[in-house]
1. Quick check on the range 13-57: of everything there that is of a type in the set (D, E, K, R) and in contact with a Gly (Cβ under 8 Å, 6 or more places away or on another chain), which residue is modelled with the lowest pLDDT?
2. Looking at the range 11-31, I want the residues that are outside any loop (DSSP other than H, G, I, E, B) and have a partner that is among the small types (Gly, Ala, Ser) with Cβ atoms under 7 Å, at least 6 apart or on another chain. Which pairs are those?
3. Restricting to the range 4-48, and then to whatever is loosely packed, with under 10 Cβ neighbours inside 10 Å and hydroxyl-bearing (Ser, Thr, Tyr), can you tell me which residue is nearest to Leu60 (Cα to Cα)?
4. When you go through (1) touching a residue at least 24 places away in the same chain (Cβ under 8 Å); (2) closer than 23 Å to Leu16 by Cα one by one for Ala97, which number turns out not to apply?
5. State whether the residues of the range 84-106 include one that is farther than 24 Å from Leu130 by Cβ, loosely packed, with under 14 Cβ neighbours inside 10 Å and not hydroxyl-bearing (Ser, Thr, Tyr).
6. Considering every residue within the range 85-92, establish whether at least one is outside any loop (DSSP other than H, G, I, E, B) and within 20 Å of Val118 (Cα to Cα).
7. Since Met1 meets every condition but one in (1) in a helix (DSSP H, G or I); (2) surrounded by fewer than 16 Cβ atoms within 10 Å (Cβ to Cβ), which condition does it not meet?
8. Which of (1) free of Cβ contacts under 8 Å to residues at least 40 places away in the same chain; (2) over 21 Å from the mean Cα position of the chain (by Cα) is the odd one out, the single condition Val125 does not satisfy?
Amino acid sequence: MTRHVILLLGLLLSFLGVLTLGLALGAVPIPIWEVLSALTGSSDPQVETIVLGLRLPRVLLAAEVGAGLAVAGAVFQALLRNPLAEPYILGVSSGAAVGAVMAIILGMTVNSMFALPVAAFLGAVLAIILVLAMARAAGRGL
């Protein structure tokens, strides 16, 4: 086995271990063997409800959000050809904050729970478009 394969296997095992710990730890600590029994369907119904109904969706969503943030960061760095690029450098985070504040001030968040994240996203997109347009006008575009 090559060094990269061993590294990837180690990272995968670490990831699975952390996921299992996420299922075991909580307000009601559950032993790891009991978590594994709940995942196979051969456990106490109460433990299965806690593990499968409450903790598993949260742990999987946390892993998915982490992966999404990692991909977004990698794309951001690749697009800008800068390994130190982050959302604060180009004002993306500030644009998202302005969009969110505008949604709150205009009362858009009263009727819809999606208005705030959509407004934040649009503010971030508008900020990056403005920054890139100014860079292009100055002759320093991507």
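The values are calculated or read from the model by the stated rules, or taken from the named source; none is laboratory data. Given the structure is predicted, the values throughout are model-derived calculations rather than measurements. Because the Cβ atoms are built from the backbone with ideal geometry, glycine has one as well, and the counts that use them run over all protein chains shown.
1. Once the filter is applied, the top-ranked residue is Glu48.
2. Close Cβ pairs (under 7 Å, with a partner that is among the small types (Gly, Ala, Ser)) amount to Leu19/Ala63.
3. Thr40
4. Of the numbered conditions (1) touching a residue at least 24 places away in the same chain (Cβ under 8 Å); (2) closer than 23 Å to Leu16 by Cα, the odd one out for Ala97 is (2).
5. The answer is no; no qualifying residue exists.
6. Within the range 85-92 (the criterion being outside any loop (DSSP other than H, G, I, E, B) and within 20 Å of Val118 (Cα to Cα)), the answer is yes, since at least one residue qualifies.
7. (1)
8. Single failed check for Val125: (2).
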